Amino acid sequence: MAEIISIKEAVSLIKDSATIMVGGFLSCGAPDKLIDELVKSNVKNLTMISNDTSIPNKDKGKLIVNKQVKRLITSHIGTNPETGRQMEAGEIDVELTPMGSLMERIRAKGAGLGGVLTPTGIGTAIADGKKVYEIDNKKYLFERPISADFALIYGTKADKFGNVSYYGTTRNCNTVMATAADTVILQADEIVESLDPNEIVIPGLFIDYIVKG
């Protein structure tokens, strides 16, 4: 059963140099309250795995502006000029990964797979230094799984067992990240006694801690 704790208690678990996955597509479905507390904590040298870095004054973007992220694995940085500035200045190490490949690499870790094969990136800089396999006369890149010490994710509703439901597109990459981290912290808008099984998107067995968002 997931443990319901305060946001401050949850963030206190994250130490310098931790690897974190952060859910959300820009600000949609981002665990903003957890991120705000992480900014206050001033934890440094984080490796962050996220779909994007949002914008400078929102959720994930605040971690970039506060220079708490040393290494970044992401698909998109165009909406946050500070990410690009830090990358050009050598202040942050950025690994840009096609969005589908990023999600599949996270999913592979959650599913216990050794990696994924994808044609995306063949013939581009994405393929540099990676193994290429030819199957049925078509070339594929081998992409390794991605894991994290912590996943900070959002949910619309959670019950005391840790089951999670979502409204609309807020689920985005939260669902796959819940499967691929050692410790999963969920920020929920609402915590209820129990969810209807038909509502459940993430089973409670994946969630370690719940905070009220």
Restricted to segment 120-134 and to residues being in contact with a helix residue (DSSP H, G or I) (Cβ under 9 Å, 6 or more places away or on another chain) and not small (G, A, S), the residue nearest to M103 (Cα to Cα) is T120
Flagged in segment 3-46 as among the small types (G, A, S) and either under 17 Å from the mean Cα position of the chain (by Cα) or within 14 Å of G155 (Cα to Cα) (or both), in numbering order, are A10, S17, A18, G23, G24, S27, G29, A30
Counting only residues in segment 110-162 that are of a type in the set (D, E, K, R) and surrounded by 18 or more Cβ atoms within 10 Å (Cβ to Cβ), the one nearest to N51 (Cα to Cα) is identified as E143
The condition of being among the aliphatic types (A, V, I, L, M), modelled with pLDDT of 95 or more and within 18 Å of the chain's Cα centre (by Cα) holds, among L117, L113, L72, only for L72
Residue pairs within 8 Å by beta carbon, gap of at least six or interchain, first lying in segment 53-67 and within 14 Å of G23 (Cα to Cα), second surrounded by fewer than 22 Cβ atoms within 10 Å (Cβ to Cβ) and small (G, A, S), listed first then second, are S54/S27; K58/S27; D59/S27
Determine whether M177 is at pLDDT 95 or above and either open to solvent by 70 Å² or more (accessible area, probe 1.4 Å) or in contact with a Cys (Cβ under 9 Å, 6 or more places away or on another chain) (or both). no
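Considering I7, I49, I35, I64, which residue is open to solvent by less than 50 Å² (accessible area, probe 1.4 Å), in contact with a helix residue (DSSP H, G or I) (Cβ under 9 Å, 6 or more places away or on another chain) and under 22 Å from E143 (Cα atoms)? Before you say what the answer is, go through the steps one by one.
Values: I7 fails: under 22 Å from E143 (Cα atoms); I35 fails: under 22 Å from E143 (Cα atoms); I64 fails: under 22 Å from E143 (Cα atoms).
Unique residue meeting the criteria: I49.
The values are calculated or read from the model by the stated rules, or taken from the named source; none is laboratory data. These numbers were taken from a predicted model, which means no experiment stands behind them. Glycine also receives a Cβ, built like all others from the backbone with ideal geometry; neighbour counts cover every protein chain displayed. Heavy atoms of the whole protein, side chains included, go into the accessibility calculation; ligands, DNA and RNA do not. Shrake-Rupley method; radii C 1.70, N 1.55, O 1.52, S 1.80 Å.
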